[in-house]
Amino acid sequence: MTRSPSSPGFWRSPLRGPWLTSVLGVVLLGGITVLFVTGLVSYAAYNPNLAAVNDKTPDKGILSFYLFSWPTDPHWLYRLNQGLHVTLGITLIPVLLAKLWSVIPRLFTLPPARSLAHALERISLLFLVGGALFEFVTGVLNIQLDYVFPGSFYTLHFYGAWVFFAAFVAHAVLKIPAAVRNLRRLGEEEPSDPVPSDLVSPRPDPPTVSRRGALWFVGGGSLLLFATTVGQSFDGLLRRTALLAPHGGVDPGSGPNGFQINKTARYAGIDAAETAEDAWHLVLTGRTGTVRLSRAELARLPLHSAALPIACVEGWSTSDQWWRGVRLRDLAALVGYDDDPPDVLVESLQRRGAFRRAALRANQVADPRSLLALYVNGEDLSPDHGFPARIIVPAAPGVLNTKWVARMTFGDL
């Protein structure tokens with residue numbers, strides 16, 4: 001007789017049960033909480049409330065309650081946050097899939113709701129499963145394929161995270177007492193499920209692996225993904241191990257400009273004639289009017305150096321590169337802001353890609369390490385790294401370190 005997925009005898013794995021589900025759930029409880037927090041922190045780093053050009057998730061309403069002015073110290077803050085967010089997210093994929101596999105019989109339980117409390121639990125479960133799949137799938141696609149979903153990744157991922165985490169918290173509150181009881185049997189050689197459960201098959205198939213063996217298998221998968229992802233945040237040989245992460249292969253070229261590139265000059269639509277020494281000028285606008293400077297004139301201003309990394313939302317980063325250029329606060333002084341540098345709107349020559357225009361807060365402009373860089377590691381910037389001039393700011397997301405800068409407007413945005 002053919003059984004339906006809602007039949008108790010349809011799901012026959014001897015591994016399913018409250019103990020396995022509880023162990024996987026506790027791992028996800030800690031991991032997803034860290035993912036959620038680092039995701040919110042990453043969004044705050046864009047200074048979305050500063051200017052419309054930075055806000056890729058408009059109409060946030062009450063969800064913007066936590067936003068704060070992004071600091072410039074420590075200078076590796078965004079690198080650490082985003083590396084942790086992306087690496088942990090990929091590492092948790094086997095745990096998430098195992099967790100969904102362990103509870104799949106509950107998705108087909110009939111009747112759909114036995115009581116109001118049961119109905120609320122089922123609804124939270126649907127949001128939990130759907131939200132988890134949506135967040136992990138969109139995150140991985142953004143990392144690997146430059147995003148293929150219709151609509152803005154920032155908006156969908158941001159709102160999806162809040163819906164998913166709300167369901168996650170509701171589910172955790174309901175299940176933590178049972179999980180604690182189940183985890184007390186961790187010391188057993190082969191933990192069993194003495195309490196009746198709809199996850200335990202009434203007629204299980206013969207076991208081919210123990211429950212502890214199943215956990216080792218899941219953990220091994222997570223360890224493999226970790227090992228092939230974490231190298232994206234490091235240089236040298238370790239970066240070559242980042243097979244599943246963007247920019248995880250051989251470093252692009254060699255020499256002073258031989259480090260990771262987000263978008264190339266060709267992709268951004270940069271015309272070499274526009275960036276030639278005799279054609280390009282930087283336009284500064286502020287309290288006292290407008291100033292135009294050639295690259296040669298910029299190079300004659302007081303130059304300063306700073307060792308700073310580039311860190312991208314996709315999780316990859318470089319080690320500290322040695323940048324040299326004019327301090328942003330000195331540029332602000334040229335247009336009337338001698339003592340208290342204001343916010344600034346930076347505009348690029350690029351024609352393709354997001355963040356052609358980006359805003360920086362006053363605290364970022366005032367930091368002595370924030371530069372309009374002309375050189376990196378002792379040589380001129382390469383075209384792909386933003387020649388003739390680019391922004392470099394400590395702790396800022398890579399997209400706010402605008403390349404091919406054409407105009408800077410200081411003052412109220």
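Here is a check on your reading of the model: is residue 244 in contact (Cβ under 8 Å) with a residue 12 or more places away in the chain and more than 30 Å from residue 27 (Cβ to Cβ)?
No.
For segment 228-239, indicate whether the set of residues that are more than 28 Å from residue 365 (Cα to Cα), small (Gly, Ala, Ser) and either buried (at least 17 other Cβ atoms within 10 Å of the Cβ) or in contact (Cβ under 8 Å) with a residue 40 or more places away in the chain (or both) is non-empty.
Yes, some residue in segment 228-239 is more than 28 Å from residue 365 (Cα to Cα), small (Gly, Ala, Ser) and either buried (at least 17 other Cβ atoms within 10 Å of the Cβ) or in contact (Cβ under 8 Å) with a residue 40 or more places away in the chain (or both).
Being in contact with a helix residue (DSSP H, G or I) (Cβ under 9 Å, 6 or more places away or on another chain), aliphatic (A, V, I, L, M), more than 19 Å from residue 384 (Cβ to Cβ) and open to solvent by less than 60 Å² (accessible area, probe 1.4 Å): is that true of residue 326 here?
Criteria met by residue 326.
Matching residues to (1) in contact with a strand residue (DSSP E or B) (Cβ under 6 Å, 6 or more places away or on another chain); (2) part of a loop (DSSP other than H, G, I, E, B):
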{"site": "358", "(1), (2)": "yes, no"}
{"site": "365", "(1), (2)": "yes, no"}
{"site": "375", "(1), (2)": "yes, no"}
{"site": "384", "(1), (2)": "no, no"}
{"site": "399", "(1), (2)": "no, no"}
{"site": "402", "(1), (2)": "yes, yes"}
{"site": "409", "(1), (2)": "yes, no"}
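Give segment 6-58 a look and list any residue that's of a type in the set (Gly, Ala, Ser) and free of Cβ contacts under 8 Å to residues at least 24 places away in the same chain, or say none.
Listed by number, the residues that qualify are 7, 30, 52.
Give just the number: which of (1) modelled with pLDDT under 80; (2) farther than 30 Å from residue 84 by Cβ does residue 186 not satisfy?
(2)
Looking at segment 324-340, can you tell me whether even one residue there is touching a strand residue (DSSP E or B) at 6+ places or on another chain (Cβ under 9 Å) and of a type in the set (Phe, Trp, Tyr)?
Yes, the conditions are met somewhere in segment 324-340.
For segment 81-112, how many residues meet the condition of being surrounded by fewer than 21 Cβ atoms within 10 Å (Cβ to Cβ) and outside any helix (DSSP H, G or I)?
4
Scan (1) exposed (fewer than 15 other Cβ atoms within 10 Å of the Cβ); (2) at pLDDT below 85 for the single condition residue 191 breaks and write down its number.
With (1) exposed (fewer than 15 other Cβ atoms within 10 Å of the Cβ); (2) at pLDDT below 85 applied to residue 191, the lone miss is (1).
Could you grab me the full set of residues in segment 14-52 that are farther than 28 Å from residue 356 by Cα, outside any helix (DSSP H, G or I) and open to solvent by 30 Å² or more (accessible area, probe 1.4 Å)?
14
Filter segment 307-341 for residues that are more than 28 Å from the chain's Cα centre (by Cα) and assigned to a loop (DSSP other than H, G, I, E, B); which is nearest to residue 272 (Cα to Cα)?
Per the stated criteria, the residue is 335.
Can you tell me which residues in segment 370-391 are closer than 21 Å to residue 301 by Cα and within 24 Å of the chain's Cα centre (by Cα)?
370, 386, 390, 391
Which one of the conditions (1) charged (D, E, K, R); (2) open to solvent by less than 50 Å² (accessible area, probe 1.4 Å); (3) touching a residue at least 60 places away in the same chain (Cβ under 8 Å) does residue 277 fail to meet, given that it meets all the rest?
With (1) charged (D, E, K, R); (2) open to solvent by less than 50 Å² (accessible area, probe 1.4 Å); (3) touching a residue at least 60 places away in the same chain (Cβ under 8 Å) applied to residue 277, the lone miss is (2).
Find all pairs meeting these conditions: Cβ atoms under 8 angstrom apart; at least six residues apart or on different chains; first residue within segment 115-128 and over 15 Å from residue 163 (Cβ atoms); second residue at pLDDT below 80 and assigned to a helix (DSSP H, G or I).
These pairs meet every condition: 121/174.
The values are calculated or read from the model by the stated rules, or taken from the named source; none is laboratory data. Note that the structure is a prediction, hence the values are computed from the model and not measured. Quick reminder, even Gly has a Cβ in these numbers, built from the backbone with ideal geometry, and neighbours come from all protein chains shown. Note: accessible area is taken over every heavy atom of the protein model, side chains too, but ligands, DNA and RNA are not part of it. Shrake-Rupley method; radii C 1.70, N 1.55, O 1.52, S 1.80 Å.
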